[in-house]
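These notes concern the structure reproduced below.
The values are calculated or read from the model by the stated rules, or taken from the named source; none is laboratory data. Everything numeric in this text was worked out from a predicted model, so none of it was measured. We place every Cβ from the backbone using ideal geometry, glycine too, and count neighbours over all the protein chains shown.
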Amino acid sequence: QVQLVESGGGLVQAGGSLRLSCAASGSIFIIIAMSWHRQAPGKQRDLVATITRGGSTNYADSVKGRFTISRDNAKNTVYLQMNSLKPEDTAVYYCSVRMLSSDYWGQGTQVTVSS
């Protein structure tokens, strides 16, 4: 089993910043990629950013230039630095880990951006 624990969500004013963290533990072997997703009320869950084991990154167009994904392979932890936050960034943010056999998901952390 693999457990993912997210932290760092909260309430912030528009233009502010937050940093999310997600630590993976348990039966971890080879992590292919770590990602952040988000789901706003009444909407589907969307991919926000991905980082591979080698460090390659990919971002949704809506967050490019504002969000930065990074990872600490030694700690099996992925981060999402979110700057210049907008009200439309309000959502539950989930991290996920892709391993050779399965994908694992965290429980989610709420990010609320007030205008």
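Where in the chain are there strands (runs of 3 or more DSSP E), lying wholly inside it, with at least 2 residues that are crowded, with 17+ Cβ neighbours inside 10 Å?
Where strands (runs of 3 or more DSSP E) fall fully within the chain and carry at least 2 residues being crowded, with 17+ Cβ neighbours inside 10 Å, they are 2-7, 18-26, 31-39, 46-52, 67-72, 77-82, 91-99, 109-114.
May I ask you to say which residue of THR90, THR109 is at pLDDT 95 or above and over 15 Å from VAL5 (Cα atoms)?
Going through THR90, THR109 in turn, the sole match is THR90.
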